[in-house]
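Everything on this sheet refers to the single structure shown next.
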Amino acid sequence: MSLNVCTDQLVLELADPAQIVSLSTLSDDSGLSYLYRDAAAYPKNRGLAEEVFVARPDVVVTGTYSLHNTTDLLKHLGIAVDEFGYTQTLDTIPSDIRRMGSVLHQSARAEMLAAAFEQELERLSSTPGPDSPSAIIFEQNGIVLGADTLADTVVKAAGFRNLASERGYSGMVPYPLELLVKDRPDLILLSRPYNDAPALADQIATHPALAAMGTSHSGEIVPPGSWSCGGPFTIEALRALVNLRQEMTLPARKPSG
């Protein structure tokens, strides 16, 4: 039984269908869960201890950022709980895959996925230098993803310099639009608005100043949910950004004739 959107996805990648008692309600969220289509087949839970107590799973997997009162209560009741930390780097994803494989008694399957991830990560990754293109992830209400985030490691592995990280911003923090305009990054990655839930927070993405810079891209670049959590699918976020960087740095073609 998984109580967290990030453990949901590791479970979906590794477990046999008969092993899955239920997943968190966020597993159906296409903006957060890369495997939301796969999650549709399973019962959902709201992360409440009462739900776990009734279901009586062999093990509960959850994240360290889940409801701590639920985790503590389940442990007090003697229910096996495995907590996974929120993945902060690409390099920690293989160990999480292997750990979940051990929890689910699917170590062979986990080893195959983890090894394939490591090989592809090595193949795709590059180290940005001083002349590499700069990028910034600019989300709702002008929030950026700086150092110590999974997205930061993906951007850098793709060969971009993360402008927010270079500016000393860490985690998810507000970033002044004026500073963004001043620095003029080569790439601005804007979050994808929720079509079924319009919000004033999304209006920053349509600000004329961003349009005038001409370097912004909508959330269509990075596959939805691919870097909200760490998993085998996070390689798709890296692949998308590597392809984009290569397109941006291709030399201009000389006119024929």
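The values are calculated or read from the model by the stated rules, or taken from the named source; none is laboratory data. As the structure is a prediction and not an experimental result, all values here were calculated from the model. Counting neighbours? That spans all protein chains shown, and the Cβs are built from the backbone with ideal geometry, glycine included.
Results for (1) under 15 Å from the mean Cα position of the chain (by Cα); (2) hydroxyl-bearing (Ser, Thr, Tyr); (3) exposed (fewer than 13 other Cβ atoms within 10 Å of the Cβ), shown as yes or no for each residue.
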{"site": "TYR42", "(1), (2), (3)": "no, yes, no"}
{"site": "GLY47", "(1), (2), (3)": "no, no, no"}
{"site": "THR62", "(1), (2), (3)": "no, yes, no"}
{"site": "GLN88", "(1), (2), (3)": "yes, no, no"}
{"site": "ASP91", "(1), (2), (3)": "yes, no, no"}
{"site": "PRO94", "(1), (2), (3)": "yes, no, no"}
{"site": "GLN106", "(1), (2), (3)": "no, no, no"}
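Give me the residue from the stretch 217-249 that is assigned to a loop (DSSP other than H, G, I, E, B) and touching a strand residue (DSSP E or B) at 6+ places or on another chain (Cβ under 8 Å) and, out of that set, modelled with the highest pLDDT. Can you show your working first?
Residues of the stretch 217-249 that are assigned to a loop (DSSP other than H, G, I, E, B), as a first pass: 218-233.
With touching a strand residue (DSSP E or B) at 6+ places or on another chain (Cβ under 8 Å) added as a condition, the list becomes 218-219, 221-222.
Values: SER218: 60, GLY219: 61, ILE221: 88, VAL222: 92.
Residue satisfying both the conditions and the ranking: VAL222.
So PRO94 ticks every box in (1) more than 14 Å from SER2 (Cβ to Cβ); (2) at pLDDT below 95 but one. Which box is left unticked?
(2)
Condition check: under 22 Å from PRO223 (Cβ atoms) and assigned to a helix (DSSP H, G or I). Does GLU111 satisfy that? Don't jump to the end; show me each part of the working.
Values: under 22 Å from PRO223 (Cβ atoms): no; assigned to a helix (DSSP H, G or I): yes.
No, not satisfied.
Could we say that GLN140 is more than 24 Å from ASN243 (Cα to Cα) and within 17 Å of the chain's Cα centre (by Cα) here? Give the steps one after another, and end with the answer.
Details: more than 24 Å from ASN243 (Cα to Cα): yes; within 17 Å of the chain's Cα centre (by Cα): yes.
The answer is yes for GLN140.
Scanning for something of a type in the set (Gly, Ala, Ser), part of a helix (DSSP H, G or I) and without any contact (Cβ under 8 Å) to a residue 40 or more places away in the chain, does the stretch 160-169 turn up at least one residue? Reasoning before the result, please.
Taking the stretch 160-169 first, the residues of a type in the set (Gly, Ala, Ser) are 164-165, 168.
This time we only want the ones that are part of a helix (DSSP H, G or I), so: 164-165.
Right, trim to without any contact (Cβ under 8 Å) to a residue 40 or more places away in the chain and you get 164-165.
Among the residues of the stretch 160-169, at least one is of a type in the set (Gly, Ala, Ser), part of a helix (DSSP H, G or I) and without any contact (Cβ under 8 Å) to a residue 40 or more places away in the chain, which makes the answer yes.
From the list ALA151, ALA147, ALA158, pick out the single residue that is at pLDDT 90 or above, hydrophobic (A, V, I, L, M, F, W, C) and surrounded by fewer than 22 Cβ atoms within 10 Å (Cβ to Cβ). Reasoning before the result, please.
Values: ALA151 fails: surrounded by fewer than 22 Cβ atoms within 10 Å (Cβ to Cβ); ALA158 fails: surrounded by fewer than 22 Cβ atoms within 10 Å (Cβ to Cβ).
ALA147 is the lone residue from the list that is at pLDDT 90 or above, hydrophobic (A, V, I, L, M, F, W, C) and surrounded by fewer than 22 Cβ atoms within 10 Å (Cβ to Cβ).
Enumerate the helices (runs of 4 or more DSSP H) found wholly within the stretch 1-56, keeping only those where 3 or more residues are touching a strand residue (DSSP E or B) at 6+ places or on another chain (Cβ under 9 Å) and under 19 Å from ALA110 (Cα atoms).
It comes to 5-14.
In this structure, does ARG46 turn out to be of a type outside the set (S, T, N, Q), free of Cβ contacts under 8 Å to residues at least 24 places away in the same chain and within 23 Å of SER226 (Cα to Cα)? Talk me through it step by step, then tell me what you get.
On the way: of a type outside the set (S, T, N, Q): yes; free of Cβ contacts under 8 Å to residues at least 24 places away in the same chain: yes; within 23 Å of SER226 (Cα to Cα): yes.
In short, yes.
Looking only at residues that are polar (S, T, N, Q) and under 20 Å from ILE204 (Cβ atoms) in the stretch 124-144, which one is surrounded by the most Cβ atoms within 10 Å (Cβ to Cβ)? Quick ask: steps written out before the conclusion?
Filtering the stretch 124-144 for residues polar (S, T, N, Q) gives 125-127, 132, 134, 140-141.
Filter once more, so that each one left must be under 20 Å from ILE204 (Cβ atoms): 134, 140-141.
Values: SER134: 19, GLN140: 16, ASN141: 14.
Selected residue: SER134.
For the stretch 120-137, what are the residues that are closer than 17 Å to CYS229 by Cα and either more than 19 Å from the chain's Cα centre (by Cα) or part of a strand (DSSP E or B) (or both)?
Going through the stretch 120-137, the residues closer than 17 Å to CYS229 by Cα turn out to be 121, 137.
Matches in the stretch 120-137: ILE137 only.
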